[in-house]
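K.L.:
One structure coming up, written as structure tokens, with questions to follow.
The values are calculated or read from the model by the stated rules, or taken from the named source; none is laboratory data. Since the model is a prediction, treat every value here as computed from it, not as a measurement. Methodologically, a virtual Cβ is constructed for each residue, glycine included, from the backbone with ideal geometry; neighbour enumeration extends over all protein chains shown.
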Amino acid sequence: MKLYNGGAYLVNGTDIVADSPEAGALLQQKTRHAVAKEDAKKQTIAYGILEKHNTSGSMDRLQVRFDKLTSHDITFVGIIQTARASGLEKFPMPYVLTNCHNSLCAVGGTINEDDHMFGLTCAKKYGGIYVPPHQAVIHQFAREMLAEGGAMILGSDSHTRYGALGTMAVGEGGPELVKQLLNKTYDIDMPGVVGVYLTGTPMTGVGPQDVALAIIGEVFDKGYVKNKVMEFVGPGVSNLSVDFRIGVDVMTTETTCLSSIWRTDAKVADFYAIHGRPTAYKELNPGETAYYDGMIEIDLSEIKPMIAMPFHPSNTYTIEELNANLMDILEDCEKRAQVSFDGAVSLDLKSKVKNGRLYVDQGIIAGCAGGGFENICAAADILKGASIGPDEFTLSVYPASTPIYMELVKNGAVATLMETGAIVKTAFCGPCFGAGDTPANNAFSIRHSTRNFPNREGSKVQKGQVASVALMDARSIAATAANKGYLTAATDIDVNFSNPKYFFDGRIYANRVFDSKGVADSTVEIQFGPNIKDWPAMSALPENLVLKVVSEIHDPVTTTDELIPSGETSSFRSNPLGLAEFALSRKDPLYVGRAKEIQKAQKAVEDGTCPLEAVEELKEVMAAIHTQFAEVGEGNVGFGSTIFAVKPGDGSAREQAASCQKVLGGWANIANEYATKRYRSNLINWGMLPFIIPEGELPFKNLDYIFIPDIRKAVENKESDMTAYVVKEGALKAFRLHVDPLTDDEREIILKGCLINYYRG
């Protein structure tokens with residue numbers, strides 16, 4: 001795999017010319033005419049799609065309207081509640097509400113099904129589409145029924161990626177979908193576009209997860225594609241089946257790219273025809289000479305079976321490399337666990353080595369990444385006639401949709417898997433976020449799913465539990481299962497893959513999915529359950545801010561799962577205050593109490609009582625502030641909390657990672673950088689300031705107070721840098737805070753206090 005140091009031109013889809021002083025002459029030789037870089041930038045597939053959907057008139061500052069929206073049952077209640085509070089009357093575009101996250105998570109009695117009934121009645125009232133539980137995971141339904149060549153889809157799940165089908169899809173926090181529902185736009189600067197040039201054909205036994213992990217391992221730490229569009233081109237694309245492309249594509253989220261797009265061909269056309277939508281196909285290719293801001297060259301034939309060890313998809317090795325350096329790599333994972341869990345629990349992976357081989361406790365093939373037809377058929381071929389054994393090792397398989405499940409039943413793959421001792425379950429995302437198949441304490445699980453962050457598999461450090469997940473392709477998981485839990489690469493076994501043809505039966509959806517066809521029925525009463533709560537009132541940004549640092553996190557990356565845990569807490573995501581009780585619970589159990597304590601001062605301000613009486617220690621803080629800012633006081637100061645994290649926001653798009661902080665009185669995050677654009681957007685949409693300080697500089701520590709004078713004026717005046725003060729021991733110590741440029745709308749949202757206030761006027 002080769003990463004270019006700078007940009008590159010792609011000529012006729014086949015010849016790469018590195019951007020250099022000699023590039024102009026080389027291009028003229030190949031094309032027989034002069035090539036301007038600015039013109040070549042317009043020849044990418046991504047540029048054409050973005051231009052078609054941009055409403056601003058400027059391709060530097062995009063204002064995008066999407067064609068369709070999609071959400072699942074962790075996010076759609078909050079999105080619709082926010083939109084309703086902001087004046088929603090009708091869904092202005094197709095909006096699909098799928099139910100694949102809270103399907104089996106039985107916490108809190110009726111609340112999961114209450115959310116589903118809320119979704120069904122909203123689909124009827126506002127003119128949407130409702131996919132009942134167990135029918136399909138969000139992204140498989142979108143692939144089968146929503147994607148179209150040249151279209152754009154916005155989803156409230158970070159793995160919203162349909163580029164392999166020619167659809168540019170973006171995963172964002174719920175407030176960005178609210179904007180679309182209210183006929184507003186998705187506002188971003190024109191993103192960079194990185195070419196991914198594929199050649200060759202994968203060796204037998206290598207699957208899409210192997211290719212995906214190889215890419216993630218190469219680019220993540222370098223930030224090579226961060227917030228950019230990955231555009232897959234080159235002759236190697238046509239050597240991959242569409243299912244294979246989809247399996248690579250969905251994992252591009254883990255590179256921190258903004259979106260993805262692939263060139264399309266007859267195989268994609270066949271995919272649409274199989275699914276009864278032949279007119280959705282559009283041939284997509286870059287122009288004669290396209291310029292890319294970066295280029296990744298991959299010879300698919302060189303990719304070997306991969307494994308991403310705990311606790312990140314970028315912690316990658318070939319399985320061959322892992323086996324050759326087993327104890328050293330396992331020790332490194334144990335050290336990572338000590339950092340991630342702050343020494344609260346100890347992970348013991350070295351005890352998993354038996355007779356020199358790594359023994360695995362659990363295998364799972366599931367969801368939008370692993371649950372595809374070809375992955376499961378390949379696993380069945382590998383396991384045919386085998387047994388997973390009667391010991392600790394278990395294997396669970398979740399087809400990504402009921403149509404896939406039914407075809408697997410018809411072609412015998414389900415019977416083959418069940419004969420081995422594997423369990424085949426319905427379409428469900430639970431294993432990917434800790435709401436299903438949580439391993440035993442200290443167990444090691446291998447999964448063809450999307451993520452392996454700390455505790456994402458469902459264990460609870462605060463209760464002394466620890467388990468870990470490694471990501472692998474379904475083929476190598478099946479090979480491991482055939483060897484009764486001993487880690488095995490699929491290339492190390494002899495198997496004839498049957499490669500059966502897929503037949504899609506649309507009657508399943510026709511019989512069960514509610515589709516309003518875009519017709520709203522205002523007479524429908526929305527069905528609310530007792531756990532579905534409105535957002536609490538939120539104040540506008542005050543003139544001056546006093547913030548208490550209530551959590552300090554020094555991990556290299558902080559995931560959204562650590563900011564708001566996944567798993568059974570997902571059942572409370574329709575209750576903002578109820579869910580907020582879980583904020584940072586696995587990372588910093590003291591966070592909620594500390595945030596609530598300083599929030600008392602802001603509530604006192606809002607109630608017209610004295611904040612200094614509500615929080616006693618503020619008397620000393622305000623006395624210190626008055627030594628230099630005597631005018632700061634009643635009517636012009638607000639109080640709240642902030643957290644510091646080195647690089648927060650990797651992982652899920654769910655807005656609750658920010659909104660939970662907001663409802664607990666958070667006014668800001670302070671970071672060296674933000675891991676993803678979507679997390680920074682979530683902060684802004686909930687009225688929180690995304691501050692940055694230089695790496696290595698930390699002028700404050702946990703539980704310190706920070707005073708930011710004239711913060712409202714700074715936002716109004718579009719200031720990027722402002723002076724803040726650490727308030728300590730009766731004195732003020734100045735330091736600088738930075739905010740990357742905000743759009744006019746983003747500034748107004750922060751000034752108003754949140755997106756809901758912004759739309760209320």
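K.L.:
All but one of (1) surrounded by fewer than 17 Cβ atoms within 10 Å (Cβ to Cβ); (2) of a type outside the set (D, E, K, R); (3) within 26 Å of the chain's Cα centre (by Cα) hold for ALA36; which doesn't?
P.N.:
Of the numbered conditions (1) surrounded by fewer than 17 Cβ atoms within 10 Å (Cβ to Cβ); (2) of a type outside the set (D, E, K, R); (3) within 26 Å of the chain's Cα centre (by Cα), the odd one out for ALA36 is (3).
K.L.:
Count, please, the residues in region 454-482 that happen to be modelled with pLDDT of 95 or more and not in a strand (DSSP E or B).
P.N.:
So the count comes out to 11.
K.L.:
Can you name every residue in region 195-233 that is of a type in the set (Ser, Thr, Tyr) and either within 19 Å of ASN315 (Cβ to Cβ) or assigned to a helix (DSSP H, G or I) (or both)? Show your work before the answer.
P.N.:
Applying the first criterion (of a type in the set (Ser, Thr, Tyr)) to region 195-233 yields 197, 199, 201, 204, 224.
Once the filter is applied, which keeps residues that are of a type in the set (Ser, Thr, Tyr) and either within 19 Å of ASN315 (Cβ to Cβ) or assigned to a helix (DSSP H, G or I) (or both), region 195-233 yields only TYR224.
K.L.:
I would also like to ask the following. Could you please find all residues in region 711-743 being touching a Lys or Arg at 6+ places or on another chain (Cβ under 9 Å), assigned to a helix (DSSP H, G or I) and not aliphatic (A, V, I, L, M)?
P.N.:
Within region 711-743, GLU716 is the sole residue that qualifies.
K.L.:
If CYS429 satisfies all but one of (1) touching a Cys at 6+ places or on another chain (Cβ under 8 Å); (2) farther than 30 Å from TYR591 by Cβ, what's the number of the condition it fails?
P.N.:
All conditions are met except number (2).
K.L.:
May I ask you to say which residue of SER539, SER574, SER551 is among the small types (Gly, Ala, Ser), at pLDDT below 90 and not assigned by TED's automatic domain parsing to the domain that holds PHE428?
P.N.:
None of the others qualify; the one that does is SER574.
K.L.:
Residues in region 626-641 that are in contact (Cβ under 8 Å) with a residue 60 or more places away in the chain and over 20 Å from GLU597 (Cα atoms): how many?
P.N.:
5
K.L.:
Scan ILE564, ILE532, ILE526 and give me the residue that is more than 21 Å from GLY753 (Cβ to Cβ) and within 27 Å of the chain's Cα centre (by Cα).
P.N.:
Only one candidate qualifies: ILE532.
K.L.:
Which helices (runs of 4 or more DSSP H) sit wholly inside region 312-422 and have at least 3 residues that are touching a residue at least 60 places away in the same chain (Cβ under 8 Å), in contact with a strand residue (DSSP E or B) (Cβ under 7 Å, 6 or more places away or on another chain) and under 26 Å from ALA435 (Cα atoms)?
P.N.:
Answer list for region 312-422: 373-383.
K.L.:
Could I ask something else about it? Quick one: in region 651-669, of everything that is in a loop (DSSP other than H, G, I, E, B) and out of contact with any strand residue (DSSP E or B) (no Cβ under 6 Å at 6 or more places or on another chain), which residue is farthest from PRO175 (Cα to Cα)?
P.N.:
LEU664
K.L.:
Moving to a separate point now. Take region 664-685 and flag every residue that is modelled with pLDDT under 95 and of a type in the set (A, V, I, L, M, F, W, C).
P.N.:
ALA675, the sole residue that qualifies.
K.L.:
Anything in region 490-513 that is part of a loop (DSSP other than H, G, I, E, B) and over 24 Å from GLY412 (Cα atoms)? List them, or say none.
P.N.:
Across region 490-513, the qualifying residue is only VAL513.
K.L.:
Output the number of the condition that GLU697 fails; it satisfies all remaining conditions of (1) outside any helix (DSSP H, G or I); (2) surrounded by 24 or more Cβ atoms within 10 Å (Cβ to Cβ); (3) modelled with pLDDT under 95.
P.N.:
So the condition that GLU697 fails would be (2).
K.L.:
Can you name every residue in region 496-508 that is surrounded by 13 or more Cβ atoms within 10 Å (Cβ to Cβ) and touching a helix residue (DSSP H, G or I) at 6+ places or on another chain (Cβ under 7 Å)?
P.N.:
Of region 496-508, the ones surrounded by 13 or more Cβ atoms within 10 Å (Cβ to Cβ) are 497-498, 500, 502, 504-506, 508.
Matches in region 496-508: PHE497, SER498, PRO500, TYR502, PHE504, ASP505, ILE508.
K.L.:
Here is a further query. Inspect region 247-259 for any residue being touching a helix residue (DSSP H, G or I) at 6+ places or on another chain (Cβ under 9 Å), closer than 30 Å to LEU683 by Cβ and small (Gly, Ala, Ser) and give the result as yes or no.
P.N.:
yes
K.L.:
Being assigned to a helix (DSSP H, G or I), at pLDDT 95 or above, closer than 26 Å to ILE756 by Cα and aliphatic (A, V, I, L, M) is the requirement here; does ILE625 meet it?
P.N.:
In short, no.
K.L.:
Sort out which residues of region 706-747 are out of contact with any Leu (no Cβ under 9 Å at 6 or more places or on another chain) and among the charged types (D, E, K, R), and write them in order of number.
P.N.:
Selection gives ASP710, LYS713, GLU719, LYS728, GLU729, LYS733, ARG736, ASP740, ASP744, ASP745, GLU746, ARG747.
Conditions (1) modelled with pLDDT under 95; (2) within 25 Å of LEU326 (Cα to Cα); (3) surrounded by 17 or more Cβ atoms within 10 Å (Cβ to Cβ), marked per residue:
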position: LYS352; (1), (2), (3): yes, yes, yes
position: GLY356; (1), (2), (3): yes, yes, no
position: GLU374; (1), (2), (3): no, no, yes
position: ASP381; (1), (2), (3): no, no, yes
position: LYS384; (1), (2), (3): no, no, yes
position: PRO390; (1), (2), (3): yes, no, no
position: LEU395; (1), (2), (3): no, yes, yes
position: TYR398; (1), (2), (3): no, no, yes
position: GLU419; (1), (2), (3): no, no, no
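K.L.:
Select from region 664-694 the residues that are farther than 22 Å from GLU176 by Cα and in contact with a Pro (Cβ under 8 Å, 6 or more places away or on another chain) and write down the one among them that is surrounded by the most Cβ atoms within 10 Å (Cβ to Cβ).
P.N.:
ALA671
K.L.:
Turning to a different aspect of this structure: If you go through region 39-51 one residue at a time, do you hit one that is assigned to a loop (DSSP other than H, G, I, E, B), over 24 Å from the mean Cα position of the chain (by Cα) and surrounded by fewer than 23 Cβ atoms within 10 Å (Cβ to Cβ)? Spell out the reasoning first.
P.N.:
Within region 39-51, the first condition is being assigned to a loop (DSSP other than H, G, I, E, B), and the residues that meet it are 42-44.
Within this subset, residues satisfying the condition of being over 24 Å from the mean Cα position of the chain (by Cα) are 42-44.
Checking which are surrounded by fewer than 23 Cβ atoms within 10 Å (Cβ to Cβ) leaves us with 42-43.
So far as region 39-51 goes, yes, one or more of its residues are assigned to a loop (DSSP other than H, G, I, E, B), over 24 Å from the mean Cα position of the chain (by Cα) and surrounded by fewer than 23 Cβ atoms within 10 Å (Cβ to Cβ).
K.L.:
Follow-up. Filter region 700-724 down to residues that are touching a residue at least 24 places away in the same chain (Cβ under 8 Å), surrounded by 12 or more Cβ atoms within 10 Å (Cβ to Cβ) and under 16 Å from PHE644 (Cα atoms), then give me how many there are.
P.N.:
So the answer is 8.
K.L.:
OK, next. For residues in region 103-152 being polar (S, T, N, Q) and in a helix (DSSP H, G or I), which is surrounded by the fewest Cβ atoms within 10 Å (Cβ to Cβ)?
P.N.:
THR121
K.L.:
Related question: Can you tell me which residues in region 700-710 are in a loop (DSSP other than H, G, I, E, B) and either out of contact with any helix residue (DSSP H, G or I) (no Cβ under 8 Å at 6 or more places or on another chain) or modelled with pLDDT under 95 (or both)?
P.N.:
PHE700, LYS701, ASN702, ASP704, PRO709, ASP710
K.L.:
Determine, yes or no, whether GLY593 is free of Cβ contacts under 8 Å to residues at least 24 places away in the same chain and in a helix (DSSP H, G or I).
P.N.:
Yes, satisfied.
K.L.:
With PHE271, PHE244 as the choices, which residue is surrounded by 24 or more Cβ atoms within 10 Å (Cβ to Cβ) and either of a type in the set (Ser, Thr, Tyr) or over 20 Å from the mean Cα position of the chain (by Cα) (or both)?
P.N.:
Matching residue, one of PHE271, PHE244: PHE271.
K.L.:
With assigned to a strand (DSSP E or B) and among the charged types (D, E, K, R) as the only criterion, which of ARG447, ARG451 stands out? Before the answer, list the steps.
P.N.:
Working: ARG451 fails: assigned to a strand (DSSP E or B).
Within the list ARG447, ARG451, the selection yields ARG447.
K.L.:
Does region 669-687 hold any residues that are touching a Phe, Trp or Tyr at 6+ places or on another chain (Cβ under 6 Å) and closer than 21 Å to ASP187 by Cβ, and which are they?
P.N.:
Once the filter is applied, which keeps residues that are touching a Phe, Trp or Tyr at 6+ places or on another chain (Cβ under 6 Å) and closer than 21 Å to ASP187 by Cβ, region 669-687 yields only ARG680.
K.L.:
Enumerate the pairs (first residue in region 12-29 and assigned by TED's automatic domain parsing to the domain that holds GLU288; second residue anywhere and surrounded by 13 or more Cβ atoms within 10 Å (Cβ to Cβ) and of a type in the set (Gly, Ala, Ser)) with beta-carbon separation below 6 Å, excluding pairs fewer than 6 apart on the same chain, so at least 6 apart or on different chains.
P.N.:
Partner pairs satisfying both residue conditions: ILE16/ALA8; VAL17/ALA23; ALA18/ALA8; ASP19/GLY7; ASP19/ALA8.
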